[in-house]
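Before any comments, here is the structure.
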Amino acid sequence: MEVGFIGLGRMGAGMAANLLKAGHHVTVYNRTRAKAEALVADGAKVAADVSDACRGDAVFTMLANDEAVENVTLTAGGILDRLAPGAIHISSSTISVGLSERLARAHADAAQRFIAAPVFGRPEVARAGNLFVVVAGVPEAVEAVAPLLDAIGQKTFVVAATPKAANLVKLSGNFLIASVIEALGEAMTLVNKGGVDKRQYLDILTSTLFDAPVYKTYGALIAEEKFEPAGFAAPLGQKDIRLVLAAGEDLRVPLPLASLLRDRFLTLLARGGEELDWSAIGGLAAKDAGMTTK
Ligand SMILES: NC(=O)c1ccc[n+]([C@@H]2O[C@H](COP(=O)([O-])OP(=O)(O)OC[C@H]3O[C@@H](n4cnc5c(N)ncnc54)[C@H](OP(=O)(O)O)[C@@H]3O)[C@@H](O)[C@H]2O)c1
């Protein structure tokens with residue numbers, strides 16, 4: 001397929017490379033042009049601007065946050081202005097339920113199609129083409145882009161015909177991951193201060209009742225205090241908890257744990273954690289207990 005790809009950060013670069021590997025013709029755009037040029041060796045065409053990346057059957061956005069997606073989509077010369085009738089905007093960024101709803105409406109008004117396709121998996125998973133893709137949108141549009149989603153992920157879950165449902169699932173998933181990170185940080189600090197080795201403790205957890213990727217991946221990062229370089233940056237994690245709380249407010253669903261996580265992220269950022277991985281909230285409990293070396 002002829003496809004545009006906008007946003008070549010930690011996640012987008014690997015996703016675009018896998019679209020190329022699968023044989024699609026990909027025109028890439030990134031605000032910082034050097035990241036687009038890095039994909040030329042893989043066969044990408046570099047777009048001069050956003051509109052240049054909107055000439056194909058579909059265009060992906062994999063951008064940091066709501067503000068970036070709004071900038072690229074809704075301003076003059078953006079995706080909404082330039083995408084052909086019937087062409088599909090595939091939004092893979094983790095954005096708010098509210099923005100997803102607005103984009104769906106705006107694209108429908110312009111006779112274009114919009115699907116939400118947020119992903120689970122960190123940058124190394126994106127590079128390997130092994131993401132889990134959660135999709136929502138009208139079935140014909142979802143079917144039309146299935147080959148693209150197959151190229152970036154190991155499995156696609158179609159959850160609803162209304163795009164915002166996929167964003168809600170993605171946000172709820174990140175809420176769960178952040179909850180696990182916080183709980184692991186607290187439990188590890190407790191046993192470690194009591195004299196038990198953190199790595200041995202993690203081995204016991206992941207060999208028994210907690211044999212899941214989320215415990216293995218984040219448990220190792222917390223045990224090693226390996227919060228740099230960031231795979232998923234702390235400010236983006238904070239953004240996700242903010243969006244979870246906003247969705248809870250809209251739906252009148254109290255989320256006391258999410259409120260706690262919000263404060264944990266604020267603590268991390270206030271203490272200079274802007275550049276760290278979001279798993280660094282899992283290091284706060286050790287600091288609070290006077291345990292950490294870093
Ligand atoms: N990292 C993960 O593990 C992970 C996993 C699943 C989902 N996500 C989600 O995927 C999205 C991308 O994450 P990432 O880790 O790839 O982030 P990232 O490395 O920080 O990349 C962000 C991208 O957004 C662009 N951008 C930021 N603000 C912009 C603006 N105002 N206008 C135009 N472009 C702008 C950046 O361009 P520049 O290069 O010019 O800065 C870059 O291409 C986020 O929504 C994140 O929550 C991340």
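Side notes on the structure shown:
- Unit charges at the beta carbon, dipole of the chain: most positive-side option, G129, S279, C54: S279
- Residues H89, H107 arranged by fewest to most Cβ contacts within 10 Å: H107, H89
- Translational D in µm²/s for the chain (Stokes-Einstein at 4 °C, 1.567 mPa s, Kirkwood Rh from C-alpha pairs): 65 µm²/s
- Relative contact order (%) - the range 116-191, alpha-carbon pairs under 8 angstrom, separation at least six: 31 percent
- Cα gyration tensor category, rounded, prolate or oblate, for the range 1-157 with a/c compared to 1.5: rounded
- Residues of the range 62-77 with amide N under 13 Å of a point placed 7 Å along Cα→Cβ from D109: 74-75
- Whether the range 135-210 is rounded, prolate or oblate, judged on the alpha carbon gyration tensor where a/c under 1.5 counts as rounded: prolate
- Farthest toward positive dipole pole in the chain [+1 Lys/Arg, -1 Asp/Glu at C-beta], among M291, S93, A247: M291
- Annotation for V196 and E140: the two label points, set 7 Å from Cα along the Cα-Cβ direction, are 5.8 nm apart.
- Cα gyration tensor shape of the range 161-294, rounded if a/c is under 1.5, else prolate or oblate by comparing a/b with b/c: prolate
- If you take the Cα centroid of the range 151-170 and the Cα centroid of the range 219-291, the two points sit 24 Å apart.
- Scaled to the globular estimate 2.2 N^0.38 Å, the Cα spread of the range 232-275, given as radius of gyration, is 1.18.
- Kirkwood-Stokes translational diffusion coefficient of the range 76-201, alpha-carbon pairs, 25 °C, 0.890 mPa s, µm²/s: 150 µm²/s
- For the range 145-253, size of Cβ-based charge dipole, Lys and Arg +1, Asp and Glu -1, in debye: 220 debye
- Reference-scaled alpha-carbon Rg (2.2 N^0.38 Å with N residues) for the range 81-139: 1.24
- Dipole-positive endmost among I204, Q154, V169 within the range 150-232 (Cβ charges, Cα centre): V169
- Cα-centred dipole magnitude for the range 253-294, charges only on beta-carbon of K, R (+1) and D, E (-1), debye, nearest 20: 120 debye
- Computed helical MRE - 222 nm, the chain, DSSP H runs ≥ 4 contributing -39500 (n - 2.57), nearest 500: -15000 deg cm²/dmol
- Using only side-chain charges placed at the Cβ, +1 for Lys and Arg and -1 for Asp and Glu, the dipole size of the chain relative to its Cα centre rounds to 240 debye.
FYI, it's all coordinate maths here, none of it is from the lab. On a predicted model such as this, the values are computed, not experimentally measured, just so you know. Reconstructed Cβ throughout: ideal geometry from the backbone, glycine too, with neighbour counts over all protein chains shown.
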